[in-house]
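Everything on this sheet refers to the single structure shown next.
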Amino acid sequence: MSSGVPTIAAPTFEQHHDGFGIGNACPRLSWRFTSIAKDWKQSGYDLEVRRKDGKTESYHVEGSQSVLAPWPSQPLESREQASVRVRSFQDGSEVIATEWSDWAVVEAGLLNKEDWTAEIISAAATAHDDGPLRPVRLRKTFTIPPKRDIQKSRLYITCLGIYEAYINGVRVGDHVMAPGWTSYHHRLNYQTFDVAPLLREGENVISVEIAEGWYATRLLWKEGRRYTYGKDLALLSQLEISFGDDDKIMTIPSDTTWKRHDSAILRSELYDGEVYDMREETEDWHSPGSTGATQNDAVDSWTNVTFATFPQKTQLVASDAPPVRVIEEVAPVNIFKSPAGKTLIDFGQNLVGRVHVTSLKKPAGHKVTFQHAEVLENGELGIRPLRCAKALNTVISSGAELKDWYPHFTFQGFRYMQVDGWSPEDESDPLTEDKIKVQLLHTDLKRTGWFSCSNEKVNKLHNNALWSMRGNFLSIPTDCPQRDERLGWTGDIQVFGPSAGFLYNTTGMLGNWLEDLSVDQEDANSIPPVIIPNVLKDDWKDTPQAAWCDVTVLLPWTLYKSSQDAEILRRQYPSMVSWLKKGLPRGSDGLWESNHWKLGDWLDPAAPPEAPDRCLTDATLVADAYLVYVTGIVSEICTIIGLADDHKMWAADYAKVKETFQRKYITPSGLVMSDTQTAYALALVFSLYENKSQVSYAAQRLARLVKIAAFRVSCGFVGTPLITHALSRTANPDLAYRMLLEEGCPSWLYPVSMGATTMWERWDSMLPDGTINPGSMTSFNHYALGSVVNWLHEVVAGISPLEPGWKKILVRPVPGGDLTTAEAKFESPYGEVKSSWVAKSGVFMLSLVIPPNSTAWVVMPDKQSTDAGSVEEEKGFEIGSGKHDFMCKWENVGWPPKALYVGWPGLNPDSAA
Ligand code: BGC
């Protein structure tokens, strides 16, 4: 309900997901408005901060800032907790204030190096002959004196590898694959957990299981490489306990009083999966009183540990990014037999996670395996696209019942699973649907964006992009979650970043990843490695690539536009400059040196399966278009972060490279040297033209190319996010809609028509006859081509940030195609933004929700430019916060547009009909 005064949510801290264990002593504060209020503009705010001495400090600040407002109080000390609440004012004839928000609690982590008294200890993991390290269990018993009131207890923990920790047999927290993947030689995240409820008087035991994780597992394709960061898995753990009657903190650090034992998990690899041998297990190895011995052990076979070496240059970091968690459980939709008689399970959705067996009882020594794949081919698992990743989990039974088992230190990308050694026909303990599930895993980002419309296939496309995001946001933004890669390819997130940032709040996670980019770039002669964290081998060393390396500029820019956080720009500015000034190889004209090998418009549908870089659009043109565009953005960034001289320098450079580009590639009439969809999309969306008449001519030429292509997409990674924008910006939205709704291959709806549940890497990852594309690089879960959903959000539903952080919103819905309704909702930093429209019987009706303390600029369809290139001159109007309804006349004239046949008329299929 609209009312005069909005309600307000408890403040949040920096870009941190929950404010607990934060690494910043002066966290900036943001608060969102949680109800609708008409024309609410904040003119000031009150903050109350309760510090550790119990005193409440009050602050009154004049101003409209409700996003990332400065920390008003003294800096937090390490471990210190403070509570904050806020209320917001609007100045009218009398001062109107919101109610106070709830209190939000922030707690600092260990802010100084000296706070760490624990030392890192070696797990002394042993390697199997073929390389993988056997996971290790570490434990330590300690005593809490009787009759002490435990006031607070925190576990600060990380490892070289990945870990799960327990106190008295109870799992600490719910993080999966912690501490996540960072550039370990430079940055290692640690986690903070509240463990007071797990402790008790008398004997306690803390235990940690460590596996190789990204630190040491085999990474990269073909034979890959092991031990990228090191071979010595190690633990750094500091358990602190404070008692009510004493100021001193009792600390249980990792040290040489801990003991180690090989895990019952024999191996656990990212690509190849996990092997669990129940016969090696002792159920209560993490409980007090247990010796931790296995069936085969002599009693007390735990051995002493030694100190390990902490990587010299590595900083311990408390990242703002949320952890990876089990997000939901997915049940099988079908258990069936393949033509070859194999037991297969269909989970109904291509996803990322791990198998969860609720119960299994087989004779001792019996082996059950779970093989994963994304698709079926000829009715059997299609495992060829996994290349050298086995994606296989194994359980070896001890004869006892196995309850609630899942692989702990690996994940797979799959929809189908083949189970060997366990089937529905087994006489004893048959496989049934209630005994097997999947735990869905991803970084636990906050969902912020939704879209739907009247066309179910478009909804499915949107949903597939959403699922590909879920599958590929696991600690880092990855390219594909199933085969022997799962790497942070920079080009993929560069193009999908704007879509991702609408669907979920990615600022904390991607901001953290960008810090890895900066440090890895420094180690690579200023050339941002094309995967971050960088684990590339020498054959990919120092490979400058447009669109991929341009992530240095474009991702911070994307994050800034959605979050308003200029600190990210400031932090990343040196990386931008070092890319553009030192890393990028230039010819004498200041544009790209043309002899460098380039990925170009990667995966252009016309490129042969085995050579995805052989695109129709000249790869140097692609690179130069990006160079001009990012130079312009860097000059804008300088203004935002207050670097006036640098702004001047970049603005001059921008004018120069743009002019050089125009001379090199654009004819006076407006034709571009590569006469392709991607070339025009780049030139139009990146504003590379000199004048309006060229823009109109280019618009016509692009329209013609799209009609000649019969509305099939002929773009790869670079053109795909831009082509629909290029058409709708140049008064050809009907062509963009027609491309969107095309189902023949290559198109966005072709995979939908083939039953896809995620976005595919190639336009035809699966061929029309149901066989898998012969290219070795064929994933069925790749978000890059899903970047078209940004057009659904910004153009179809019509909402985008006009000013950073959505302080001012552009509402410019463009109806079309066969859509009669569309709707998008976004949880902006100010509050909920919503646009929904109905177009029928010649009328367009728009309903909007604009959050308090922001405004919107609305351009209705009847005022949208029909003259290519003059969108800026359209007649719009400004509205304040609240609920609004508008209407205008609108007819879908000329729908559907016709394809253009260029050839001998007798061969035109249309004229034959
Ligand atoms: C990845 C891509 C990536 C490309 C660049 C592929 O193997 O999956 O998405 O951007 O390589 O070479």
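The values are calculated or read from the model by the stated rules, or taken from the named source; none is laboratory data. What you are looking at is a predicted structure, and each value in this text was computed from that prediction instead of being measured. For neighbour counting, all protein chains shown are included, and Cβ atoms are generated from backbone atoms with ideal geometry for every residue, glycine included.
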ask   = Could you list, in sequence order, the residues of the range 798-848 that are crowded, with 21+ Cβ neighbours inside 10 Å and of a type in the set (Phe, Trp, Tyr)?
value = TRP806, PHE826, TYR830, TRP837
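Kindly state which strands (runs of 3 or more DSSP E) lie completely within the range 160-226 and contain at least 2 residues that are under 15 Å from SER319 (Cα atoms) and of a type outside the set (A, V, I, L, M). Break it down into steps so the answer makes sense when it comes.
On the way: elements: 162-167, 187-189, 191-194, 202-211.
Ranges flagged: 187-189, 191-194.
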remark   = Matching residues in the range 606-623 (crowded, with 20+ Cβ neighbours inside 10 Å and either away from the ligand (no atom under 15 Å from the Cβ) or of a type in the set (Ser, Thr, Tyr) (or both)) number 5
query = Out of (1) touching a Lys or Arg at 6+ places or on another chain (Cβ under 7 Å); (2) at pLDDT 95 or above, what's the single condition that is false for GLN191?
reply = (1)
Scope the range 488-518; condition near the ligand (Cβ under 10 Å from one of its atoms), closer than 12 Å to PRO556 by Cα and among the polar types (S, T, N, Q); matching residues = GLN494
key: Members of the range 53-93 that are assigned to a loop (DSSP other than H, G, I, E, B) and of a type in the set (Ser, Thr, Tyr)   = SER64, SER66, SER73, SER78, SER93
message = Tell me whether the range 563-578 contains one or more residues that are part of a loop (DSSP other than H, G, I, E, B) and touching a residue at least 60 places away in the same chain (Cβ under 8 Å).
response = yes
key: So ASP53, is it of a type in the set (Asp, Glu) and crowded, with 16+ Cβ neighbours inside 10 Å   = no
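Please enumerate the residues belonging to the range 525-543 that are at pLDDT 95 or above and in a loop (DSSP other than H, G, I, E, B). Walk me through how you get there before you give the answer.
First, pick out the residues of the range 525-543 that are at pLDDT 95 or above: 526-535.
The answer is SER526, ILE527, PRO528, PRO529, VAL530, ILE532, PRO533, ASN534, VAL535.
Of everything in the range 469-480, what is part of a loop (DSSP other than H, G, I, E, B) and at pLDDT 95 or above? Give them in sequence order. So that I can check it myself, show each step before the final result.
The initial filter retains those residues of the range 469-480 that are part of a loop (DSSP other than H, G, I, E, B), namely 475, 478-480.
Selection gives SER475, THR478.
Of all helices (runs of 4 or more DSSP H) completely enclosed by the range 653-760, which ones contain at least 3 residues that are more than 26 Å from ASP492 (Cα to Cα)? Write out each step before concluding.
Working: elements: 677-685, 692-708, 720-729, 733-741, 749-753.
Per the criteria, 692-708.
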key: Within the range 68-102, considering residues that are within 24 Å of GLU240 (Cβ to Cβ) and touching a residue at least 60 places away in the same chain (Cβ under 8 Å), the one surrounded by the most Cβ atoms within 10 Å (Cβ to Cβ)   = VAL84
remark   = Considering only strands (runs of 3 or more DSSP E) wholly within the range 391-458, the ones with at least 2 residues that are surrounded by fewer than 18 Cβ atoms within 10 Å (Cβ to Cβ) and in contact with a Leu (Cβ under 9 Å, 6 or more places away or on another chain) are 401-405
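Could you go through the range 575-598 and let me know if any residue there is polar (S, T, N, Q), more than 16 Å from the ligand (Cβ to nearest atom), at pLDDT 95 or above and closer than 30 Å to SER854 by Cα. First the steps, then the outcome.
Let us first name the residues in the range 575-598 that are polar (S, T, N, Q), namely 575, 578, 588, 594-595.
Then drop every residue that is not more than 16 Å from the ligand (Cβ to nearest atom), which leaves 575, 578, 588, 594-595.
Those left that are additionally at pLDDT 95 or above: 575, 578, 588.
Keeping just the survivors that are closer than 30 Å to SER854 by Cα gives none.
Checking the range 575-598: not a single residue is polar (S, T, N, Q), more than 16 Å from the ligand (Cβ to nearest atom), at pLDDT 95 or above and closer than 30 Å to SER854 by Cα.
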request  = Exactly one condition in (1) crowded, with 21+ Cβ neighbours inside 10 Å; (2) within 16 Å of the ligand (Cβ to nearest atom); (3) more than 19 Å from HIS462 (Cα to Cα) is not met by GLY775; state its number.
outcome  = (1)
remark   = Going through the range 129-179 in order, the residues found to be surrounded by fewer than 16 Cβ atoms within 10 Å (Cβ to Cβ) and under 26 Å from the mean Cα position of the chain (by Cα) are ASP174
